[in-house]
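Below is one structure, written out as structure tokens; comments come after it.
The values are calculated or read from the model by the stated rules, or taken from the named source; none is laboratory data. Nothing here was measured: the structure is a model prediction, and the numbers come from that model. Counting neighbours? That spans all protein chains shown, and the Cβs are built from the backbone with ideal geometry, glycine included.
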Amino acid sequence: MLITLRIKNLALVEDLTWELGPGLHVITGETGAGKSLLIGALELVLGERADRSLLRSGAESATVEAVFDVRGLPEPLDPWLMERGLEPCEEGRLMLKRTVTATGANRQFVNGSPAPLAVLKELGDRLVDIHGPHDHQSLLHPARQLDLVDAHAGLQELRTAFARACAERARLERARTELVMDETAYARQLDLLRHQVREITEAALQPGEEETLQAAHQRLSNAARLLQLTRAALDVLTESEQSILNQAGVVGRTLQELQRLDPQTGDWIEWHSRAVEQWQGLAQELSRYADRLELDPRRLEEVEQRLDLLQGLKRKYGRTVADILAFGEEAARQLATLEQRETELARLQSELAALDRRLRELGAELHARRRAALPGLERAVRRHLEDLGFQQCHFEVRLESRLETAGEGPPPSPAGWDRVEFLFAPNPGEPPRPLRAIASSGELARVMLALKTVLAAQDQIPVLVFDEVDANVGGETAHAVGAKMREIAAHRQVLCVTHLAPVAAPATQHWRVQKTVRQGRTYTELTRLDAAGRAEELARMLGGRSEEALRHARSLLEVAEGRTARAPAGKRARARGR
């Protein structure tokens, strides 16, 4: 559900915050007031193409922010976000932001993290379905139509089983392809793998070996200098006549004389003893270190050869010893598989044959259940289309299948071998055509509304937007359009831009968009209407604010109140456009 939409410096909007709740939200206003601008801003933050000409005059950039409550989604969104390196939602709220600049340096953010524009588009497809003159109508795509047929028929569990079997078949097919090669390539691959395994095995590498060798090389290559420095330190400590320890003896005797004459200096003797003990310990460590130093050119050569071997293996197989060992293990596995190629191929062929049988069984069940569900779906959609003014229309769902040629052509999609196409003819005597081929946006919008009414409980997209779905609609049809949008709003949040009072009357919340002029500049403002404000606005939509129009408007609201709850008390949007 869309919770908040904030728009800054877009067209006539300076700063507007739109706060929404569940139900049916209707947006009305005079032509050109900016009703569709709200929908355009939503499309912008969901990844649609940015038009820099929409920046408010004098502004360097425009920003649109949207907050969605995603707790009701059928699949958690956080894993999908984290796979793309984005922050998860806090308290179930998804925050989107897009900034368009005059220079073209556009930016977009998801939960505060920078994100590619494609991510906004993917999120838009998951969260919002927009129907209108400039929409991205998912119902026009045959794959989406098949999804809706399956949702209507309750086939999600069967679809999931089919998709898993497809994925397993693809994995086995890849493994089989890796084994199927000509004899020359087979022999060459065997030789290469045997050489790699032998080279890594004979090296007998040990984890952490490189660090140990480098430390040994450091000592061996500098052994002469290390011994020289060690002996020089020992000479200063113990061996020369003026050594530190010899001088320490003189200091000790002096301190003893001081203590005899002044007992208060007795602590100094203890300090002296500790210092002498430290110097003696250092001298012992230096002696032991000197004894361990090797002046062994042969050992140095061995270490250097071992390091050279490691470097050569790293150039071929990985940056670290661990990488080389892992490469060797994988090469050994591949070698074992190739050496047993015929046995492995037979196993894979057997598993593929079993999976193909399983896929045909699942595909046949999917096809049968889809075909059984179509008549009920078609009747329900036709019934709603009749309510919407298509008294003699024709609607059908064409179901085609490649099941009979399974195994001969390309593998099935994760949805099966079937393809679905929604066909529609608005007038008698016309042949039905694919829904995507319908030219009239008014007809298309009403077909979408009928489909959405039937499928509202199954459809998983939480926000539906209808931008002027009342084109070429009037009379009782307009009442039906409003009633059906309210029906859909029982399952999904619905936003609707309309010019018709009967469509606006059933709204849960009614918003009016209007232009104002202050100090020579035009601003778009958004107001949530109370009961009296709604009556006035509906009267305006009916043709004027006469007493007769007001009575008609109030009657529309009374009829709507029989089906819906009264809209909340009127108040301005929290931050009106100005």
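Quick rundown of the values:
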| read-out | value |
| --- | --- |
| Filter pass, PRO426 being in contact with a Phe, Trp or Tyr (Cβ under 7 Å, 6 or more places away or on another chain) and either exposed (fewer than 15 other Cβ atoms within 10 Å of the Cβ) or modelled with pLDDT under 90 (or both) | yes |
| Test: residue in segment 362-376 that is modelled with pLDDT of 90 or more, acidic (Asp, Glu) and either under 26 Å from GLU173 (Cβ atoms) or surrounded by fewer than 13 Cβ atoms within 10 Å (Cβ to Cβ) (or both) | yes |
| Some residue of segment 47-66 being under 27 Å from TRP511 (Cβ atoms), in a helix (DSSP H, G or I) and in contact with an Asp or Glu (Cβ under 6 Å, 6 or more places away or on another chain) | no |
| Index of the failed condition, GLN242 passing every other in (1) free of Cβ contacts under 8 Å to residues at least 12 places away in the same chain; (2) assigned to a helix (DSSP H, G or I) | (2) |
| Check on LEU237, farther than 30 Å from ALA203 by Cβ, surrounded by 14 or more Cβ atoms within 10 Å (Cβ to Cβ) and over 60 Å from the mean Cα position of the chain (by Cα) | yes |
| Hits in segment 6-65 (condition: among the acidic types (Asp, Glu), under 27 Å from the mean Cα position of the chain (by Cα), at pLDDT 85 or above and surrounded by fewer than 19 Cβ atoms within 10 Å (Cβ to Cβ)) | GLU19, GLU65 |
| Selection status of ARG545, touching a helix residue (DSSP H, G or I) at 6+ places or on another chain (Cβ under 6 Å) and closer than 16 Å to THR28 by Cα | yes |
| Check on GLU199, at pLDDT 85 or above and acidic (Asp, Glu) | yes |
| Flag if ALA532 is over 16 Å from GLY29 (Cβ atoms), modelled with pLDDT of 90 or more, part of a helix (DSSP H, G or I) and not acidic (Asp, Glu) | yes |
| Residue count for segment 466-507, restricted to those that are in a loop (DSSP other than H, G, I, E, B) and at pLDDT 80 or above | 10 |
| Cβ pairs under 7 Å, 6+ apart, first in segment 355-373 and more than 20 Å from GLN145 (Cβ to Cβ), second surrounded by 15 or more Cβ atoms within 10 Å (Cβ to Cβ) and among the basic types (Lys, Arg) | LEU355/ARG169; LEU359/ARG169 |
| Number of positions in segment 66-101 that are in contact (Cβ under 8 Å) with a residue 40 or more places away in the chain and either under 20 Å from GLY47 (Cβ atoms) or surrounded by 18 or more Cβ atoms within 10 Å (Cβ to Cβ) (or both) | 13 |
| Segment 362-409 - residue that is assigned to a loop (DSSP other than H, G, I, E, B) and within 35 Å of the chain's Cα centre (by Cα) and, of those, nearest to HIS141 (Cα to Cα) | ARG402 |
| Selected residue [within 30 Å of ARG382 (Cα to Cα) and surrounded by fewer than 24 Cβ atoms within 10 Å (Cβ to Cβ)] from HIS510, HIS491 | HIS491 |
| Matching residues, segment 260-275, being loosely packed, with under 15 Cβ neighbours inside 10 Å and of a type outside the set (Gly, Ala, Ser) | ARG260, LEU261, ASP262, PRO263, GLN264, THR265, ASP267, ILE269, GLU270, TRP271, ARG274 |
| Unique residue being at pLDDT 85 or above, assigned to a helix (DSSP H, G or I) and among the charged types (D, E, K, R) when the list is ARG298, ARG319, ARG333, ARG288 | ARG333 |
